[in-house]
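See structure below.
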Amino acid sequence: MRKILSLLLLTVALLQSCSTPPPPAINDPRVRVTAPYKWDVSVIAIGEREGENGILEMQVEFFNKTSDTEHLEYKIYWYDQSNFKIDTILCSQWKPRTISGNGHFAVNEIGPTKNAKNFLLHVRNKEDGKIVVAVDSRLK
């Protein structure tokens, strides 16, 4: 009996040591959680750079802190240097994303023109359509 108990405790200890903790959510003024309820997906990284031909590229990484699958949609608004919105047909659509439990996903987009200097990313819950997070690069 003691051998079984010792083996069980050793197995539990090994399993705990192999699990990696979830990445921490970033504390960034560009991130606004707007959900009226607890949101179980966190923003873990934001990147932006000037890509080829001088066009803005953006990336926002998310992590699902639960074991449940989340069904989300996102939409990006692009702004010029003077913070005027750039209207494009490509940017006016909500794009669906599914993030598995304890999984990562990234939104990677390229600005519609060289005039795009900032972006606003909205992520909403697919079921109720409520925006749960906004990432606004104008708030740097």
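The values are calculated or read from the model by the stated rules, or taken from the named source; none is laboratory data. Since we're looking at a predicted model, the values are computed, not measured. Cβ coordinates were reconstructed from backbone atoms using ideal geometry, including for glycine residues, and neighbour counts include every protein chain displayed.
Can you go through Glu61, Glu70, Glu52 and tell me which one is more than 21 Å from Lys95 (Cβ to Cβ) and either surrounded by 17 or more Cβ atoms within 10 Å (Cβ to Cβ) or free of Cβ contacts under 8 Å to residues at least 24 places away in the same chain (or both)?
Checking each option against the conditions leaves just Glu52.
Could you list, in sequence order, the residues of region 27-46 that are exposed (fewer than 15 other Cβ atoms within 10 Å of the Cβ) and modelled with pLDDT under 85?
Across region 27-46, the qualifying residues are Thr34, Pro36, Tyr37, Lys38.
Quick one: in region 43-102, which of the residues that are among the aromatic types (Phe, Trp, Tyr) and not in a loop (DSSP other than H, G, I, E, B) is farthest from Asn115 (Cα to Cα)? Break it down into steps so the answer makes sense when it comes.
Filtering region 43-102 down to residues among the aromatic types (Phe, Trp, Tyr) leaves 62-63, 74, 77-79, 84, 94.
Checking which are not in a loop (DSSP other than H, G, I, E, B) leaves us with 62-63, 74, 77-79.
Details: Phe62: 27, Phe63: 31, Tyr74: 22, Tyr77: 13, Trp78: 9, Tyr79: 8 Å.
Only one residue fits best here, namely Phe63.
Take the conditions touching a His at 6+ places or on another chain (Cβ under 7 Å) and surrounded by 15 or more Cβ atoms within 10 Å (Cβ to Cβ) and apply them to Phe119. Does it pass?
Answer is no for this residue.
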